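The values are calculated or read from the model by the stated rules, or taken from the named source; none is laboratory data. Given the structure is predicted, the values throughout are model-derived calculations rather than measurements. All Cβ positions, glycine included, derive from the backbone under ideal geometry; neighbour counts span all protein chains shown. These accessible areas exclude ligands, DNA and RNA; they are computed on the full protein's heavy atoms, side chains included. Shrake-Rupley method; radii C 1.70, N 1.55, O 1.52, S 1.80 Å.
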Amino acid sequence: MKYSIPESDAELLKACRVDVMKATGPGGQSVNTTDSAVRITHKESGITTLSRRERSQLLNKRAALGRLRIRLMEANFEAKPRKRTQVPKTADERRLVEKRQLAQKKAQRKLPVDDGEH
């Protein structure tokens with residue numbers, strides 16, 4: 001496990017830097033005047049999440065923390081290496097039989113060689 005993920009939001013916030021700013025984009029005057037957007041940066045990993053969807057700074061902080069937890073779990077995930085499966089003997093034998101049959105078909109399609117004895 002690369003990064004430790006605390007159970008409580010308060011402990012996770014201690015390991016992060018929280019920036020509060022004015023949200024931009026559509027939404028009218030309320031968006032331009034209140035500092036409701038929240039950016040949370042995890043100090044150890046450098047992972048950053050931003051939330052500016054809600055009008056409330058508290059709701060945006062919760063949303064950003066939720067996304068941060070998900071991104072930290074994804075960063076901790078290590079895929080197991082795949083094991084190569086072995087081809088069963090019967091399947092291998094069947095493939096060789098089909099290959100021989102196809103070779104015989106192709107051999108029958110060939111034109112006979114003219115020796116020039118006529």
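With every protein chain kept in place and ligands, DNA and RNA left out, what is the accessible area per residue of the chain? Probe 1.4 Å, answer in Å².
Normalised by residue count, the accessible surface of the chain is 86 Å².
At 1.4 Å probe size, put V20, V113, V31 in order of accessible surface, largest to smallest.
Ranked list, largest accessible area first: V113, V20, V31.
Working only with C-alpha atoms, what are the Rg and Dmax values of the chain, expressed in angstrom?
Cα-based Rg and Dmax for the chain come out at 32.7, 104 Å.
Once you keep just the Cα pairs under 8 angstrom separated by 6 or more residues, what percentage relative contact order results for the chain?
About 19 percent, as a whole number.
Could you calculate the contour length gain from K43 to Q101, that is, 0.36 nm times the residue separation minus the distance between their Cα atoms, to one decimal place in nm?
Taking 0.36 nm per residue and subtracting the Cα distance, the gain is 14.3 nm.
If R₀ is 41 angstrom, what is the calculated FRET efficiency for the pair R94 and D114, using the beta carbon separation as r and rounding to 0.05?
0.60
Tell me, in nm to one decimal, what length is gained between K14 and K80 on full extension, where the rule is 0.36 nm per residue of separation less the Cα-Cα distance?
20.6 nm
Sum -39500 (n - 2.57) across every DSSP H segment of at least 4 residues in the chain, then divide by the residue count to get the 222 nm mean residue ellipticity, nearest 500.
-14000 deg cm²/dmol, from helical runs alone.
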